[in-house]
Structures are given as C-alpha cells and as structure tokens.
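Q: Structure provided below as structure tokens; questions to follow.
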Amino acid sequence: MAIETLVLGAGQEVGKSCVVVNINGKRIMFDCGMHMGVSDHRRYPNFSLISPTGDFDTALSCIIITHLYCINTLFLRFHYFLIIKISHSLILYSYIFFFGIICDSHLDHLGALVYFTEVCGFHGPIYMTYPTKALAPLMLEDYRKVLVERRGEEEQFNSDHIAECMKKVIAVDLRQTIQVDKDLQIRAYYAGHFTLFEYLTLILKVLGAAMFHAKVGDSEMVYTGDYNMTPDRHLGAAQIDRLRLDLLITESTYGTTIRDSKYAREREFLDAVHKCVSAGGKVLIPTFGLGRAQELCILMDDYWERMNLKVPIYFSAGLTKQANVYYKMLINWTSQKIKDSYPTNNAFDFKNVCKYERSVLDTPGPCVLFASPGMISGGLSLEVFKRWAPFENTLVALPGYCLPGTVGHVLMSKPPKIELDPNTKIDVRCQVHQLAFSPHTDSKGIMDLIKFLSPKHVILVHGEKPKMVSLKEKIHSEMGIPCYHPANNETVSVPSTVYVKAQASDAFMERCLKPNFKLHKCSSQELSIKTLTDKNIVPELQVINEKAVFIVEDKSKKLKVVHNDEVLVMLGEKKTED
Amino acid sequence: MEFTCLSKGRGSHFPPCHILNLGGIKILLDCPLDLSALTPFSPVTTAFYALPSLEEDKVDANNDVGSMAVPAKRQKIENQPDNKTLIFAEPWYKTVMNLHLWNPSFIDVVLISSPMGILGLPFLTQMKGFSAKIYATEVSARLGELVMRDLVSMHKELKQFYGPTETDFPVWLRQEEVEKIPSVLREIILGKDGTELGGLRPLYSEADVNDCVLKIQKLKYAEEVCYNGILVIKAFSSGVEMGSCNWILDSPKGDVGYLSNSSFISSQVAAFDYQSLQGTDTLIYSDFSSLNSTEDVKDEENESVQLADKLPMSSHGLVGLYHNAKEDSEEMEKLAFICSCAIESIKGGGSVFIPINQFGIFLQLLEEVSKAIDASAMKVPIYIISSVAEDLLAYLNIVPEWLSRQRQERLFDGEPLFDHVKLLDDKKIHVLPNIHSEKFWMHSREPCIVFCSHWSLRLGPVVHLLQRWHKDPKSLLILEGGVNPPQLALLPFKPMAMKVLQCHFQPGIGLRRVRSLLETLQPKTLLFPEEFRPHISFPSEKFRSVLYYSEGKTSKVSCKDGFELKIPATPASNFYWNAFKEQEINLARVNGELIIENARYHLLLDNTEKNSNGRTNSVSFRKPELEKLLATFSNFGINASVEHQKMNSESQIQCLIHTADPYKAVIEIGTSSVVITTAGENVASHLYKALDSVLKGN
C-alpha cells in the first residue's frame, strides 16, 4: 500500500501551501493557500488535478487548514503538528514558517479556501482550530478589501462567500479526536514553542497553533504546521513519540542566521520608544491588526506599567479591537503564564491603551500610535506618516519586514525625501527604528525534528529550491532517510506500513505478560533476564527461545501466535519422539 | 470484567458512583458528596445564638411554604422535626458509604464525569496509599475545584462558630443523641437503617482541595489518553453541565461505554455526543435522573417509535443535532415563569433570592432575569454573592469549546459568550465575595435580586439573607432542584412569611427516550439498573444481552476471548513458512518483542537479533537421523564429527556435531530441537539448508 502526496502548491517555492495526501482512498487537503506574488490563475493551486470533472466532494474527504492564523510579522511562529492515521500509515506534516519573508502570509494557507469552496464548489468538511475559525474571516475580509479596493482587481469572492465558507468550517479543540468518517480520524495537538522574543513566546505561544493527527483504520499521519526545536525542546514530545511515521511532510524555509538575544532587541525597541516619548515626540508603529500588534501591545503595556509612564498609547485598527475580543475569550489557547494570571489579570485588558480618535493626530504632546496597515502602504498609517514625518522628534518604528515598493521599505534607507507620487513629496526628518528580523531556527531545527521522529520518508515543501536540495542531501546522508522535494503538481508515492492481525494463544500471552525470572546456571553471555524463560529447556537453549514465537497459519489463512510448547501439542503425533 | 454499583446517587448534585474492574484495572467512576444530607444540621446566623431557648412558634404549616402543596411525610408521632430538633454541631459530610469498603490503594483509575462528581475526591486523595490516576475534563476539574473552594470557605464560618472540637468523635453521633433526631432527618443523614453512618466525614481543608486538584489529569472532549498502555480513555460530552461527560474505555479485552447523566436538551453546553458511544462491547447505563421524573408510561411506547426515526446516524460531524423543540420550549417556559415571578415580586417591593445550584441554569436565569428587568424598565441591582463568583464568571467566558453551537456562534461573531460580561461592565451585576460587604447592606433596603450559595440552605450567604428576610411576605425565594422536601430545608427559618417557588430542572435522557437511545447505541452487552426494570423492557432480538445491576452488588460481564496481536506486515512477508500438510497449517518461527501500545498488543519482529547472534532458528518436528545427516553434510562438502553426550535429566541434548571444515560450527541435536551455532549467518544458513534437506527428505 502506498501514500500518494500530490503537491499543488509550495512545491519548490514559497507561498500557496496546498498538499493533497491520498492514503487508502481517503484524500485530505492540507491548507488551501494562494500565492501573493502572482495575480493570474497561478495564484490558486491547480484544483483540476484533484478532480478533472470538478466533483470535489467525492474526490476529497476533508480539508484541514493547519496554518491557523498568521500574521505578517517576522516574529510569530506557530507550532502545530498534524498527525494523520490512515490504515497503518503515519504521516507527519510539519511547517516552520517565517512570516517576514512574504507579507500576508496567512493567506498562504487559507487564501484560496473561499475560492475553492464557494467558487469551485467543495461541500465537505473543513477543519480549523477555534482561533483560526474566529480570526480567519477577519483576515479574509481584510485581504479581499486589499485586492479589490486597493489593487482594483476584479473580486474573486465577496463577503457573503466568506460567511458561507466559514459556516462549513468545523472548529476543533486541541487534542480532540475528530471522527471525520468511519475510517478517517484527525486530532490536533499542542506542539511546542516558538521563540525569538521569549517574552512574547510565553504569551502567544499557541494561539492557533496546533498539531494534527489523523487516522484511517490503523494508519496514522501527523501534520505539523510549524515547530521549533531550538533550545527548550518540548515539541509536545510526549504526544508524538509513540508514533511510527511513514511519512513526514515538512516545510523547509529556513534561515541561516544565528540566533541572537531577543531580550536585547526587545530592550532596544522599548528604549527607542521611551527616549522618543520622553523627549515629547510621537511614535508611529505601522502594523497589521492581528498578532504582532497584540504582542507589542502587551510588551509596551507592561513596560509602561513598570516605568510608570503616562504617555497615551493609541490603537487605530478596528480590526485590532475586534481581535482583542477573541483573544480574551480564547485565553485558553495562550500560554500557561497568561492562563495562570487569569482571571485576576487578563493580559489582553490593556491598562494604558486608549481608543484612537482622529483628534489624536493633531493633539500636541507625546503619544504612541499603532496604525494599520503595516509597511505604510496606505490607509491611516500613511496618513499619519505624512503628517508626522517632517518632525525630528517623531519616531517611526517598523516592526516587520517591508516589501519593496512600499513606503516602509524606502524609509529603511533613511532618505531625506520620499516621493509618493509626482505631486507629493514628504520631507523625512523623523527617526526610524526597525525591529530586526532574526530567524533562528535553521536547518538544525528540521534535522532535529526528523531525528526525533525518525520517519520512514520525508517530503520537503514550502522552501526555496536550492535550500531544499541541500537539506535533502543532508537528511539523506546523515540519517539515511529517503527524502523528496516535489515541484508543484507532482506526485510522490511512498509505501505505507500494513499490519496483519493475529490471535495470540492464552499460554503465549501468559508467558509474555508474566515473565519468569528464574535464572538457570548459564555461561552464555547472550542470556538476558527478560526472556520467555522455559524451565524445561537447558540453559543454552534458553537463549535461543528468548523472544521466539511461532506464527501459525491455518487453512483459512488466519494467523495465530503460539508458544513453543504449544506447537508440539498442535502437531500431535508428528512430533519427533525417541 | 466486574462491575459494582456503589451508589445510585440522588439527583444531579449527587451522581452515581461505581467501581469497574476491567481486566484487572480497578476504575472508580465518580466520587461525589451528598450535600442534601446537610439538611439535619442547623445553619448558623446571629439569630440562632439564642434559638434553642426560643419559645415555640405555632405557625400553620400551610402558610410556611406559600402555595407549595404536599406537606412532608411524617410517619411517626415521635419528635416532629422543627428548628429545635436540628443538630447544633459542625456538620459532617456524607460520602459514598460503600466506597469505604474498598481499599483506596487498590484503585488504579478515577474518572470524574461531572463537576459534582469531584466533591468527594479530596477525601480519597488524602488517604494513605491512594495512588490512582485521576481523569476529568478540564472544565469539570475547574468548576469542581471552585465548588469545593466555595464549600470550604462557607464551612469555615461554621467552624469558627463552633470552635475546635475536643474529640474526633462528635457528641451528636453518639447513639443516644442520634436517637433524639427525628426519624425524617435521621434517615437523610444515616440512611434507612442507620448504616450509612460510616460514610460521614468531617470536611476536608483547603490544602486537601489544592492537593487533590493537582493530581487530576485534565482532558478535552474526545481526547484519547492512554493509561499504562493498556487502557485508552476518552470523554464525550453528555450535554448536561459544562464539562460533564460520558466515557469510553478501550482495552485489549474490548471496549466499555459509560453513560452517565446525559441530556438531549442542551441549550448552553456542548450537545450530547451519543454517536461516539455507539457499538461498544459493553455499555453501562447510569442515568438515574429519569426515575425521579414521573412520565406517562403509556406515552412512551408511541414516542419511542417516532424517536427511533428521528435519531440521526450522522456520517460525519461532531454530533448529530437531535433537538426536541417541545422540551426546549418547556425549559424556556419554566425560565420565563420564574422571571415573571421574580419581576412581580420586585414590583411588589420585595427582593428575590436564588440559591445557585446548576451552573447552566444559573447562567440562563441570570441572563433571562436581567433581560426581564431591562424590559420592565426598572433599575434593580443584581447581586451574586459567593467566594468564587468572580472566578466562576470569568472562567465561564473563556470556555467556548465546551459550549453549545448557539453559544459558539457568539464567539465567531466576536461577542462575549455570556451576557454577564456586558452586565458586569455596565455595573448591572455586582459580584461580592461575601455577605459582609458594605456595598450590599447599603443598598439592600431596596428590592434586589440575589444569586448566592448554597442550595442546601445550611451554608453560605443564603442563610443570613433568609434570616433577615424570611418574615417579609413580599420577598421571594426560588429553590431550584433539591431532593428533600422544601419543608425540611426551610425548617430553620420558620415561621416563613416569604414566598417560596420551587422549580425542577431535571436534565436527563428521559424514560421515554432511554430505549430508543439504547437501540441506537447497539451495545453487545448492556448493564442496566434494576430499578428501571419495571419501566423499560428490552426486546431480545435487539438486545442480545442485558444484565441488571443494583446497588452494592457486583455483576460479572464476560469479555472477548483470546488476544489479538498486530504484526507489521512488511517483514511478515519474509516469514520462512514450513508447511505441514497433514495438519493443514503453515508454521513460521520468529523473534520479536511483545509490546502494549494504545490498548493493543503489537508483536514487533526483530530481524537484527538473528544476524548478530550467529544462530538460526527454524522448526521441524522430525528428528534428523544422524547417519543421513552426516552423509548429506559430506555431500555439501562439510566435514563433521559426532560427539555423543550422556542423557541426563537436566540436559536434553542427545549429541553434538562438530564441523571444522570448511566452517567451524556446533550442531546440537536435542529431543525436540536442533541448534546450529556458528560464527556467521551465511554459514548457519548453509548448514541449515543441509539439515533441512535431511528433514524434508524423509
């Protein structure tokens, strides 16, 4: 039996995650992402490869969105494993993700979902964790607006489509075993840590991060969305170490940068902000509404508390406010530290954060403003930037990577003037601080995971081809595990384990479960204590009978496992006698 | 498998308690506390200090409970229960008597099915030798913890009042004192024949609670946990209370389902996940709630037929949505009626007191009452007085995964799960840790609505409130649930002038649905309570085996015979099969390791062992003839010499054959085996071939 993996997206490239795995006739789609850099049909995975006739309902058992919700920041990394168990095969799907590399990266995973379900017409179940389900509509709506209103593209789906699509989504809790149908079973796991900012790590560790386990008959498979093997190597290890994986599908984007102190970065950032506000300046932090904004907010709120600062912090994005509501209810998905402090202190009840009003822009005196979108690509953040940039005591703190072509990107080179369009030029006298991007899990992280799980096969997706090739070589040479890196629309087939069932005789079980520790005088160095000691056999023979069992196949092809002694009885008179 | 029912429980606050012995693993199902047994004890308020010397108030019993019908049963002429016959002492708490007959150190696993099933657990965990693994859902554990903390803090008040006791054995438990207690009350605390005395315990401390909570392993619904590799445990929503669950236990000897108190009507909490209980080898039915309700049995037959069609066997999805609109609206009607009574009472200038019992009902009432107040355009403060109220309300708003779909929709719409969050923000609800708050007494002259603990009316803020208001005919007390007649519960507060409204929310499967549900679940063996036998019959064509159990008795259930092993098939194809035509069997000898994983036995074949060992094993059941063997060996180009050995009792080796050229090897020929010992695998297989040809050749 074989496991067939069809890569529809993110094969030897970054973005547009979409992998379809076929085990014993059960087809599961992992992620349904879209490519952000392309605007034609190549943006979506080639769904026709799943079913040329477009009958997706019979072709697919379910869709699982693993990358729960993500953010356009560099720093958040989510961890989840997806274990799929189908018949006897185990597959692990894993992902490490660096959000800085592409913007809007959350759409890598679910961007095409609405298109697939509403436009292409898939009616089967879709699984996400609770935070994903809560936050996905915000993301999708935000994205739709960007596409339609900013880029002026023809809309592929509308708000109603999003709402309809979300109705089909079944929310799952961590560790909950979901019976998709009679054979297929999936389970999401909490899996490990993400780091960089230790402080933030503790906070947003699992909001939306999960590891999935799926099972058809006896086959199991794990899909890990994102994981981290760096220093504190928890990995939810206890949960997955029993698995005998046939296949590991892992993401392979990795940096080579060496990890440096996150505390230093954090401190640097806060110091810069503090210096600016104490000099009476204004701080503009352009950021998207989710994730990164909450992190920075928690960070600053705490700092304000400690330093007893009274400078107001404003939050502009309505999205953020809405998101905070979700965060408050989904506090069980955050770190233990936050959970423990609840209910006396809900980390998402910011004490120093005030609601933004337009009048803030012209109010004199210091303040901190979180404005969307990130990268100053338009909207409020651009408006504020235009207004504040000419002043020397203003600080613009860029918390993430900025795509070329955006104001944020230009700003990083600290030019004296920025030309927005031929008619608009902005004098830039403000200070600029960038929170540096530091990916810290390199190939070692992936290698560690593979070593730990020792699957029978590895498939690499979501990475740049040269890096994939070198990683593949490394896996193959160091661990001797067959490794593949299929391109888009290619299929890889690996064999899966099959178990046969056999009846064990009572005598056999008795001897196995109640080991006889009686030691016979025996010189053989091979004698080990935990043997199926047989008193009737001389010491030398005892060694041979260690662990030895007979498998009997009768005429109806049924297997039976019996003990040594029983074989002789079974064969009756045929037994050799003196 | 052995099943022992320790207690069939009394209503939702005191769930049943059983012990299950599954293949040698002893599993305790729930560990509850019967708090209704507090009734014979006197509550403590300042007004009671002088109470024993009070003159007897002769008040007509009918006035006491307002419109309540049916006076309490008074069988004997002896002591009438009144407020002076109550026990004035620090109360002891009634645990499951039969549980104390078991050695706690022999219990391997404890499963907690509901927040109420946890209350007796600290008694168990502090016992010497107790080392069982405790499993409960996250929410059950947390809510149970809150209830226990509340209990301990309310009990503290009594402790302070009575002071330290001189002996461990309280005076009131002496024979002569016990006899003074009116029989109605005595029965409550000591059971019908007084045998339940042994189950009484002084309350645990806060430290015991903390200790107990730490020992619980918390689960999610449908999470699989494995106990010792041999037992896979899963919890599924039962639809009664937040976190309450039914269990599936999977062992190599078959799976067992445990159906605790469950309900199809769950407007608040996650729906009853009955599909997951389908097709178990054994199903233990343990929902006793239906017995208390009086349903028309005639109705039952018709309904069950209809229902069988209605129960959907959904192919996918978490739970099938079975919803009875009629019953749902009945519940809503009840709530609406309570609200209208409350509003009426407020309008009349009286206050309303609602002791908190079930959390789901409490939250619903809170929402409905506040809505009704808004609708009536009155400004009435709502107080929630409990030491754990703040934690409780905060906690309930962060458990969306455990709630019904309607509630979850609120999460996805970005609204708080329950209205109380908003009401708290708007200062419409005031949460107070205790009654002594200035804020409360300042405003309590005006009509207000108070939710408080404890429903037994013997502990907590409710005692003080009733003491203060029981003579106010305008005020209203809403009693929800409870198993003892309200006359007994209200005994200390006589004469009662305030109105009392008693309502019943008895979540359960309902007698009329039990059969159709069980038909849907299709267990191979059904364990059913003896008490239900007169009410429900099981047609033998649909139920292969039904066993009736009763309290205190052990029933034996037969298990699957034999053991099933799983063997990885890839190496299995390399078996060296020896065919035995006469017996029509094939035989292969393998080396492997037997492991137990996720309640299944696996035989992991060990291929490497053989190679490193330099020995080859095979099977044949003829004794090779030496001469023939030597001849064959020389045909194969092997020089061999025979060394005969003496036969003795210890050794079964008959002779040894040494080969020196071309390989060095020793072949031992025994009565029932031949062993080839060489330096390498190739040599061994070569020799083996030679040997095999001799054996086959015969």
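The values are calculated or read from the model by the stated rules, or taken from the named source; none is laboratory data. Predicted, not measured: the structure shown is a model, and the values here were computed from it. Because the Cβ atoms are built from the backbone with ideal geometry, glycine has one as well, and the counts that use them run over all protein chains shown.
Q: Going by what's in this entry, would A:Leu200 be described as part of a helix (DSSP H, G or I) and modelled with pLDDT under 80?
A: It is true that A:Leu200 is part of a helix (DSSP H, G or I) and modelled with pLDDT under 80.
Q: Out of the residues in segment B:5-33 meeting the condition of being of a type in the set (S, T, N, Q) and surrounded by 21 or more Cβ atoms within 10 Å (Cβ to Cβ), tell me which one is nearest to B:Leu99 (Cα to Cα).
A: B:Ser7
Q: Give the residue that is farthest from A:Lys558 (Cα to Cα), with candidates limited to residues of segment A:499-513 that are more than 7 Å from every other protein chain (Cβ to nearest Cβ) and crowded, with 19+ Cβ neighbours inside 10 Å.
A: The extreme case among them is A:Arg511.
Q: Exactly one condition in (1) within 23 Å of A:Gly9 (Cβ to Cβ); (2) without any contact (Cβ under 8 Å) to a residue 12 or more places away in the chain is false for A:Met509; which is it?
A: All conditions pass for A:Met509, except number (1).
Q: May I ask you to list the residues in segment B:557-595 that are modelled with pLDDT of 75 or more and more than 9 Å from chain A (Cβ to nearest Cβ)?
A: B:Val557, B:Ser558, B:Cys559, B:Lys560, B:Ile595
Q: Take segment B:181-220 and flag every residue that is over 20 Å from B:Asp30 (Cα atoms) and surrounded by fewer than 13 Cβ atoms within 10 Å (Cβ to Cβ).
A: Across segment B:181-220, the qualifying residues are B:Lys192, B:Asp193, B:Thr195, B:Ala207.
Q: Pick out, from segment A:42-146, the helices (runs of 4 or more DSSP H) lying fully within it that include 3 or more residues that are at pLDDT 50 or above and farther than 16 Å from A:Asn22 by Cα.
A: A:107-110, A:130-145
Q: Report, by residue number, each residue of segment B:423-456 that is closer than 29 Å to B:Arg10 by Cα and exposed (fewer than 15 other Cβ atoms within 10 Å of the Cβ).
A: none
Q: Can you say whether B:Ser386 is touching a Leu at 6+ places or on another chain (Cβ under 8 Å) and under 25 Å from B:Lys156 (Cα atoms), as far as the supplied structure shows?
A: Spelling it out, B:Ser386 is indeed touching a Leu at 6+ places or on another chain (Cβ under 8 Å) and under 25 Å from B:Lys156 (Cα atoms).
Q: Look at B:Ala222 and say whether it is within 14 Å of chain A (Cβ to nearest Cβ), in contact with a Lys or Arg (Cβ under 9 Å, 6 or more places away or on another chain) and in a loop (DSSP other than H, G, I, E, B).
A: Criteria met by B:Ala222.
Q: Go through segment A:336-373 and give me each residue that's modelled with pLDDT under 70 and away from chain B (no Cβ under 14 Å).
A: A:Lys337
Q: Continuing with the same structure: Report those strands (runs of 3 or more DSSP E) wholly inside segment B:468-573 carrying at least 1 residues which are in contact with a helix residue (DSSP H, G or I) (Cβ under 7 Å, 6 or more places away or on another chain).
A: The strands (runs of 3 or more DSSP E) meeting that bar are B:476-480, B:499-503, B:525-529, B:545-549, B:563-568.
Q: Which one of these does B:Lys439 not meet: (1) without any contact (Cβ under 8 Å) to a residue 24 or more places away in the chain; (2) part of a loop (DSSP other than H, G, I, E, B)?
A: Just one mismatch for B:Lys439, condition (2).
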